[in-house]
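The values are calculated or read from the model by the stated rules, or taken from the named source; none is laboratory data. The shown structure was predicted, so the numbers you read here are calculated from the model rather than taken from an experiment. Note: ideal-geometry Cβ built from the backbone for every residue, glycine included; neighbour counts use all protein chains shown. Side chains are part of the model used for accessible areas, which takes the heavy atoms of the whole protein and leaves out ligands, DNA and RNA. Shrake-Rupley method; radii C 1.70, N 1.55, O 1.52, S 1.80 Å.
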Amino acid sequence: MAAADLSIAQKFRIGVRLGAMAAWLLVCVPFHYLWRIGLRWPGGRPRPWPRRFLGGICWIAGVDVTVAGLCHRQGAFLLANHVSWIDITALAGASGTAFVAHDGLAGVPLLRWLCTLNDTVFIARHDRASVHHQVEQVRAAVSHHGALTIFPEGTTSDGTSLLPFKSSLLSALAPPPEGIAIQPVLLDYGPEAASIAWTGDEPGLANFLRILARPRPVMLTIHFLPPLVSVALTDRKTIAAAAREAIISAQSSPRA
């Protein structure tokens, strides 16, 4: 979205929301680092400030989040469809999850810093030599946070359909670590999904500003679906297929 295409009201909304996001960041970062120091003591609890920060960013952006179902709090790999940058803030706010991201994001200093605050696991998709190390990183992250989210489509979709799942992204799940649930998640933006989605050649910044410029809230329902069981956990391909089928089924089910 080019600045010349924005109305005065849209520019005002963007300015107010960006200012509020910056202020919220300044509030959360000192508390986050103080909490990290405290975590060095025995019995330290998982860090709450990344969850609070990302949940707050979601709210400031004008997203109205409804949660359906329960996240498996004792430890879960969340496999979710991917529509927009909103997904990350909403899921983190709802569950405290960390994320798996491609290493391209690590090349942008500000994004890398923000990602590392929430212990994002960066993976190199084309570096087969480091797969084992990446698997260990992923498993350690879910043990530490209680939840780790992977977007198996590997990119964003239009919010009305589901792209094929890339089973290669699920190497850390085969076999699943003991005591860890593999839980599909549907991010449902309702009838406005296509207008929210970050697709095609739209730059990420343009999608970000387009959401902030909206006069009405973004309505998002996060459906935590039942964890996968039995034969669905045989290997990464069956995991990918079962999770995708569960999300497609939830998309097509009538919802109030």
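Structural remarks
- Boolean, Ile123 is modelled with pLDDT under 75, open to solvent by less than 30 Å² (accessible area, probe 1.4 Å), touching a strand residue (DSSP E or B) at 6+ places or on another chain (Cβ under 8 Å) and of a type in the set (A, V, I, L, M, F, W, C): yes
- Evaluation of His72 against the conditions (1) at pLDDT below 85; (2) farther than 21 Å from Pro176 by Cβ; (3) not charged (D, E, K, R) shows that the sole unmet condition is (2).
- The C-beta contact set for segment 13-35 (first residue open to solvent by 70 Å² or more (accessible area, probe 1.4 Å), second residue in a helix (DSSP H, G or I), distance under 6 angstrom, 6+ apart or interchain) comprises Trp24/Gly56; Phe31/Trp49; Trp35/Trp49.
- Of the residues making up segment 213-256, just one is among the polar types (S, T, N, Q) and under 17 Å from the mean Cα position of the chain (by Cα), namely Thr221.
- Taking residues in segment 46-65 that are in contact (Cβ under 8 Å) with a residue 24 or more places away in the chain, and partners anywhere that are charged (D, E, K, R) and part of a loop (DSSP other than H, G, I, E, B), the pairs with Cβ atoms closer than 7 Å and at least 6 places apart or on different chains are Gly62/Arg214.
- Selection count, segment 55-87, where residues are under 18 Å from Ala193 (Cβ atoms) and assigned to a helix (DSSP H, G or I): 3
- Any hit, segment 173-189, residues being over 24 Å from Phe122 (Cα atoms) and within 18 Å of the chain's Cα centre (by Cα): yes
- Screening Leu220 with (1) more than 30 Å from Lys11 (Cα to Cα); (2) touching a Phe, Trp or Tyr at 6+ places or on another chain (Cβ under 6 Å) gives one miss only, at (1).
- Of note, Glu202 does not satisfy the criterion of being over 19 Å from the mean Cα position of the chain (by Cα) and within 23 Å of Leu78 (Cα to Cα).
- Residues (over 14 Å from the mean Cα position of the chain (by Cα) and crowded, with 18+ Cβ neighbours inside 10 Å) located in segment 64-74: His72
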